[in-house]
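J.: A single structure is presented below for examination.
The values are calculated or read from the model by the stated rules, or taken from the named source; none is laboratory data. As the structure is a computational prediction, the values presented were derived from the model and not from experiment. Note that we place each Cβ from the backbone using ideal geometry, even for glycine, and neighbour counts take in every protein chain shown.
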Ligand code: GLA
């Protein structure tokens with residue numbers, strides 16, 4: 001049973017294969033503090049016979065005002081009110097000016113893998129339902145909250161996080177996050193958690209480049225005051241939390257002076273003013289907590305399994321090898337030239353051809369026609385279909401870039417509906433990239449955007465959209481009631497959902513100037529994500545390592561582009577560029593018109609090789625490796641779902657003097673099975689490959705290897 005309820009203890013235990021999550025009700029209905037939901041445990045799986053021992057809090061001096069009462073890490077959902085001073089999840093203003101909540105449990109329901117606990121304010125008709133869902137095979141717990149105002153006046157929501165995640169009180173907590181900036185997204189970072197509140201967030205209306213909405217916590221212990229090492233790739237307990245929200249978000253980690261720790265995850269309360277009118281309900285986004293007793297590698301593989309089972313709209317479906325013409329032609333797009341690129345791409349084995357920005361622009365550059373999703377006549381005199389037909393004849397699918405939330409001033413849509421953009425009377429309408437933002441919280445704007453995309457997909461014979469979003473929201477004035485930052489995200493989701501319902505075969509790629517919007521909510525609506533505009537393969541290694549910390553390779557689109565790289569001017573060998581891109585979803589993004597026969601020949605070989613290993617890479621188990629020559633080298637291996645195929649990638653930024661050969665210890669193999677190295681024919685046991693490893697030869701700067709093994 002994934003959920004057990006002990007009636008006598010009033011205790012709920014949610015069990016996954018390796019995890020237990022326990023909450024309990026204490027206090028009496030109508031009593032001094034009422035019946036409350038208390039957090040009791042989250043960690044390695046325990047027995048139901050342990051539950052009685054969990055109903056105990058370490059004592060906190062009652063005479064000291066230092067501590068909140070109750071302590072945040074002992075509550076399931078911290079609200080603002082009473083003697084609570086820690087990061088809270090929920091804060092509301094009632095119509096009569098009361099600004100505190102006093103919630104009391106009114107009931108619960110267990111249905112299979114789901115539990116809900118209902119609460120109501122002790123004085124106002126304001127209802128909160130805490131929802132839980134166990135995903136046993138992934139050791140995951142989904143949590144979300146439903147709010148309902150059944151009172152006579154409007155309630156203003158000031159803070160609406162989806163969950164409080166209390167973490168164990170162990171010494172030396174460390175926080176792993178995916179932080180960065182434009183073109184340097186998802187840098188895997190681990191730092192000590194210091195007392196106080198550490199906030200990771202976005203206030204921009206998209207998840208943003210500065211941080212990805214996911215964290216992981218492990219504990220390094222204290223040895224003579226110095227931090228120990230904590231969890232490793234394969235060992236140790238790790239807790240991870242992510243938020244499925246495609247807009248402004250906030251994950252705060254608060255460490256109290258005595259080591260009590262809790263994480264609060266939800267939509268950002270920055271500029272939040274959400275009015276809940278009488279009768280209104282609001283369902284907050286899902287936040288998921290995963291526990292791994294098998295280190296960071298275990299966390300990664302649980303997230304991958306979670307996404308494949310519950311997020312990916314096309315699980316197990318091979319992603320095509322694509323070509324995108326952005327870096328080849330930028331805005332300077334024209335039908336004949338794109339047809340020529342498509343012919344070259346098809347000749348190399350490409351299966352999906354994507355025309356990027358520019359095709360609709362009536363002028364040069366980025367100042368015109370954004371928002372008018374019609375091909376510019378001087379670029380496509382016979383419409384987009386002329387290109388689509390040619391691409392289809394070449395046996396490829398046809399994809400088109402769009403940025404549906406945006407428009408230029410110089411566009412028909414802006415001339416017809418200047419009132420459809422976010423603005424505030426008397427305030428400056430700021431432009432970024434000459435763009436304004438459509439108020440997608442409005443139903444008529446959603447309808448218009450949907451109609452335009454529907455028409456484009458239908459009349460252009462489009463199989464794939466790259467949905468971009470290149471500027472943050474700002475000056476978000478709107479005539480629509482409700483919370484504008486929230487409504488925008490709901491509007492985007494709605495348009496995508498309706499478009500997908502109308503075109504079930506349409507694929508979508510999520511992009512926001514690179515990896516600015518790749519949360520679990522958008523990834524449930526898109527097949528691929530563009531992790532970064534930085535296509536420099538050397539930088540990509542770290543960006544992809546961070547991205548794939550949570551997301552499987554099946555959504556990680558990677559292009560091989562020309563050198564010097566567009567954003568860094570760095571040069572890397574073609575082999576390195578291919579290997580880095582082949583460890584995700586391979587795409588080409590160079591100017592194929594200038595590729596010579598030698599490059600083409602190599603590209604054909606790599607594309608063909610990729611097609612042989614792509615199921616393993618895209619749908620297999622990922623293990624991060626630690627090559628013996630350390631610092632400048634990194635490796636990953638992908639093992640196919642049935643364990644029979646193994647693809648090993650090794651990358652070195654620079655090879656040290658005479659250190660041309662190194663051992664790369666593999667992970668995740670069956671120690672008792674035998675594996676053949678398909679290149680040399682040498683047979684080795686899984687045990688040897690784990691303990692000593694493969695010998696890999698690398699020479700020079702930006703050296704790489706791709707080795708494949710087959711289980712005998
Ligand atoms: C963004 C995307 C790029 C490209 C350009 C087009 O920067 O991240 O891949 O599509 O927009 O303007």
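J.: Of all the helices (runs of 4 or more DSSP H) wholly in the stretch 469-577, which have at least 1 residues that are at pLDDT 95 or above, within 16 Å of the ligand (Cβ to nearest atom) and in contact with a helix residue (DSSP H, G or I) (Cβ under 9 Å, 6 or more places away or on another chain)?
T.: Where helices (runs of 4 or more DSSP H) fall fully within the stretch 469-577 and carry at least 1 residues being at pLDDT 95 or above, within 16 Å of the ligand (Cβ to nearest atom) and in contact with a helix residue (DSSP H, G or I) (Cβ under 9 Å, 6 or more places away or on another chain), they are 520-523, 537-550.
J.: Another question about this same structure. Taking the stretch 15-52 only, how many residues are closer than 20 Å to residue 78 by Cα, in contact (Cβ under 8 Å) with a residue 40 or more places away in the chain and touching a helix residue (DSSP H, G or I) at 6+ places or on another chain (Cβ under 9 Å)?
T.: 1
J.: Which one of these does residue 401 not meet: (1) within 16 Å of the ligand (Cβ to nearest atom); (2) touching a strand residue (DSSP E or B) at 6+ places or on another chain (Cβ under 6 Å); (3) assigned to a loop (DSSP other than H, G, I, E, B)?
T.: (3)
J.: When only residues in the stretch 447-463 that are surrounded by 20 or more Cβ atoms within 10 Å (Cβ to Cβ) and in contact with a helix residue (DSSP H, G or I) (Cβ under 7 Å, 6 or more places away or on another chain) count, which is farthest from residue 372 (Cα to Cα)?
T.: Across the stretch 447-463, the extreme among qualifying residues is 462.
J.: Touching a residue at least 24 places away in the same chain (Cβ under 8 Å) and closer than 20 Å to residue 460 by Cα: is that true of residue 358 in this structure?
T.: The answer is yes for residue 358.
J.: Can you name every residue in the stretch 256-281 that is part of a strand (DSSP E or B) and crowded, with 20+ Cβ neighbours inside 10 Å?
T.: 261, 262, 263, 264, 265, 266, 267, 274, 276
J.: For the subset of the stretch 331-348 comprising residues that are surrounded by fewer than 18 Cβ atoms within 10 Å (Cβ to Cβ) and part of a loop (DSSP other than H, G, I, E, B), which member is nearest to the ligand (Cβ to nearest atom)?
T.: For the stretch 331-348, the residue satisfying everything is 331.
J.: Any chance you could count how many residues in the stretch 426-446 are away from the ligand (no atom under 16 Å from the Cβ) and out of contact with any helix residue (DSSP H, G or I) (no Cβ under 9 Å at 6 or more places or on another chain)?
T.: Step one: list which residues in the stretch 426-446 are away from the ligand (no atom under 16 Å from the Cβ), which gives 426-430, 438-446.
Subset that is out of contact with any helix residue (DSSP H, G or I) (no Cβ under 9 Å at 6 or more places or on another chain): 426-430.
The total comes to 5.
J.: Go through the residues of the stretch 512-523 one by one and say whether even a single one is surrounded by fewer than 20 Cβ atoms within 10 Å (Cβ to Cβ) and either touching a residue at least 24 places away in the same chain (Cβ under 8 Å) or closer than 26 Å to residue 283 by Cα (or both).
T.: For the stretch 512-523, residues surrounded by fewer than 20 Cβ atoms within 10 Å (Cβ to Cβ) and either touching a residue at least 24 places away in the same chain (Cβ under 8 Å) or closer than 26 Å to residue 283 by Cα (or both): absent.
J.: Sticking with this one: How many residues, within the stretch 85-102, are under 21 Å from residue 59 (Cα atoms) and surrounded by fewer than 19 Cβ atoms within 10 Å (Cβ to Cβ)? Steps first, answer last, please.
T.: The initial filter retains those residues of the stretch 85-102 that are under 21 Å from residue 59 (Cα atoms), namely 85-87.
Right, trim to surrounded by fewer than 19 Cβ atoms within 10 Å (Cβ to Cβ) and you get 85.
Here the count works out to 1.
J.: Here's another thing I want to ask about it. Hey, does the stretch 211-233 have a residue that's modelled with pLDDT of 95 or more, at positive phi and either surrounded by fewer than 24 Cβ atoms within 10 Å (Cβ to Cβ) or in contact with a helix residue (DSSP H, G or I) (Cβ under 9 Å, 6 or more places away or on another chain) (or both)?
T.: no
J.: Return yes when residue 580 is in contact with a helix residue (DSSP H, G or I) (Cβ under 6 Å, 6 or more places away or on another chain), modelled with pLDDT of 95 or more, more than 22 Å from residue 689 (Cα to Cα) and not in a loop (DSSP other than H, G, I, E, B) and no when it is not.
T.: Criteria met by residue 580.
J.: In this structure, is residue 461 on the phi > 0 side of the Ramachandran plot, over 28 Å from the mean Cα position of the chain (by Cα) and either at pLDDT below 95 or away from the ligand (no atom under 16 Å from the Cβ) (or both)? Full working, then the answer.
T.: On the way: on the phi > 0 side of the Ramachandran plot: yes; over 28 Å from the mean Cα position of the chain (by Cα): yes; either at pLDDT below 95 or away from the ligand (no atom under 16 Å from the Cβ) (or both): yes.
So residue 461 passes the test.
J.: Quick one: in the stretch 360-384, which of the residues that are in contact with a strand residue (DSSP E or B) (Cβ under 9 Å, 6 or more places away or on another chain) and within 11 Å of the ligand (Cβ to nearest atom) is farthest from residue 436 (Cα to Cα)?
T.: Restricting to residues being in contact with a strand residue (DSSP E or B) (Cβ under 9 Å, 6 or more places away or on another chain) and within 11 Å of the ligand (Cβ to nearest atom), the top hit is 361.
J.: Here are some residues: 493, 551. Which one is within 19 Å of the chain's Cα centre (by Cα) and within 21 Å of residue 215 (Cα to Cα)?
T.: Just a single option satisfies the conditions, and that option is 551.
J.: Separate question: Of all residues in the stretch 153-201, how many are surrounded by 20 or more Cβ atoms within 10 Å (Cβ to Cβ) and free of Cβ contacts under 8 Å to residues at least 60 places away in the same chain?
T.: Total satisfying the criteria: 2.
J.: Inside the stretch 631-673, can you point out the residues that are out of contact with any strand residue (DSSP E or B) (no Cβ under 8 Å at 6 or more places or on another chain) and closer than 25 Å to residue 685 by Cβ?
T.: 642
J.: Can you tell me which residues in the stretch 282-330 are out of contact with any strand residue (DSSP E or B) (no Cβ under 7 Å at 6 or more places or on another chain) and within 16 Å of the ligand (Cβ to nearest atom)?
T.: 326, 327, 328, 329, 330
J.: Given the residues 412, 357, which is the only one that is touching a strand residue (DSSP E or B) at 6+ places or on another chain (Cβ under 8 Å), at pLDDT 95 or above and either under 16 Å from residue 329 (Cα atoms) or away from the ligand (no atom under 16 Å from the Cβ) (or both)?
T.: Result: 357 is the single residue among 412, 357 that is touching a strand residue (DSSP E or B) at 6+ places or on another chain (Cβ under 8 Å), at pLDDT 95 or above and either under 16 Å from residue 329 (Cα atoms) or away from the ligand (no atom under 16 Å from the Cβ) (or both).
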